[in-house]
Amino acid sequence: MLANRVRKNFRRLQPWARREPTDCFRVYDGDIPEIPVVVDWYAGRLHVSDRSEPLPDDPTPPSQIASWTARLASAAAEALALAPTELFLKHHRRQREGSQYERTADAAVWHLVHEHGLTFRVNLSDYLDTGLFLDHRTTRGRVRHEATGRRVLNLFCYTGAFTVHAAAGGAAHTMSIDLSNTYLDWARENLALNALTGPRHTWLRADVCEWLASDQGRGQFDLIVLDPPTFSRSASMEATFDVLRDQTTLLSDTLTRLAPGGVLYFSTNHRRFRMRPESLSLGHFVELTPDSLPPDMRDRHIHRCWRITRTVNA
């Protein structure tokens, strides 16, 4: 069943991917309820994420579950005529805060993929995620289109995909902030792959919430990307960050960084996220969901996204 669906989806999506153009896209997104996996194509490699959650009273031995999942992944690879060495299987379970970004292996299987004429370095082996969130492809295209001549701020920048798109779009300046040196280095490499390096691109290792609470960068940016984690805790802070609980402070502090006429793209993958009235009072909100989701995403709730302009009194 899985092999047939993967084969069918790939044939349907490949012409669209060529027009996009991109060589990394989702070919199976939990289409069949009994098979809760996600299958992504990365330029001739297959990345399979097992999203099942074992029930507490399930008597099935873990080894049997692992064997079943491995068979599913192999079926998906065989459907696309890929060798076992071109298949990468991950097990997504409920993680502690922020752990989805932590290293889980050290095989260092790197691969180059392309999106809208740009090149990105993905890691298929060592993290739960590869370094390129496919569901944000459309929003990255929006940022690239709007970045011309603008000063762009990328908060929680991860591996810098939004920064690369902004730079390719002709941004006058970009500033990318993340707490991880690993991801900042990765972001720099992505920029270098596209021959976009230079003094107009700056990087800062910092806790984003702490930086926003300071007076730095107020009114200095024309376009901001804000895609925070659902939960996080930095080593220097005892308090946790919760995007649902802390949204008003986060958005208010971010909007003060915008110059007049500036635009903020805000996105979250919190499944139960609801925008609070006090948050909505901070600016002019236009929700882009579901139009922000590309056609290879069957899960139409994978994220929510807004385009926000600051009001005068925000």
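For this structure, a couple of remarks:
- Residues of the range 105-119 that are buried (at least 18 other Cβ atoms within 10 Å of the Cβ) and farther than 19 Å from residue 39 by Cβ: 118 alone.
- Some residue of the range 192-210 being aromatic (Phe, Trp, Tyr) and under 15 Å from residue 160 (Cα atoms): yes
- Test: residue in the range 130-139 that is part of a strand (DSSP E or B) and surrounded by fewer than 20 Cβ atoms within 10 Å (Cβ to Cβ): no
- Test: residue in the range 235-254 that is at pLDDT below 95 and at positive phi: no
- Residue list for the range 199-221, filter: part of a helix (DSSP H, G or I) and closer than 18 Å to residue 258 by Cβ: 208, 209, 211, 212, 213
Yes or no, residue by residue, for (1) within 23 Å of residue 135 (Cα to Cα); (2) surrounded by 13 or more Cβ atoms within 10 Å (Cβ to Cβ):
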site: 239; (1), (2): no, no
site: 244; (1), (2): yes, yes
site: 251; (1), (2): yes, yes
site: 271; (1), (2): yes, no
site: 275; (1), (2): yes, yes
site: 285; (1), (2): yes, yes
site: 289; (1), (2): yes, yes
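- Residue pairs whose Cβ atoms lie under 8 Å apart, separated by 6 or more positions or on different chains, with the first residue in the range 21-35 and on the phi > 0 side of the Ramachandran plot and the second among the basic types (Lys, Arg), are 30/51; 30/298.
- The range 264-283 residues that are basic (Lys, Arg), paired with ones that are surrounded by 18 or more Cβ atoms within 10 Å (Cβ to Cβ) (beta carbon under 7 Å, 6 or more apart): 276/247
- Residue within the range 21-28 that is closer than 21 Å to residue 114 by Cα, part of a strand (DSSP E or B) and polar (S, T, N, Q) present: yes
- Checked against (1) among the charged types (D, E, K, R); (2) modelled with pLDDT under 95; (3) surrounded by 15 or more Cβ atoms within 10 Å (Cβ to Cβ), residue 257 passes all but a single condition, namely (2).
- Being among the β-branched types (Val, Ile, Thr), within 14 Å of the chain's Cα centre (by Cα) and within 24 Å of residue 210 (Cα to Cα) holds for only one residue in 159, 130, and it is 159.
The values are calculated or read from the model by the stated rules, or taken from the named source; none is laboratory data. Everything numeric in this text was worked out from a predicted model, so none of it was measured. Cβ coordinates were reconstructed from backbone atoms using ideal geometry, including for glycine residues, and neighbour counts include every protein chain displayed.
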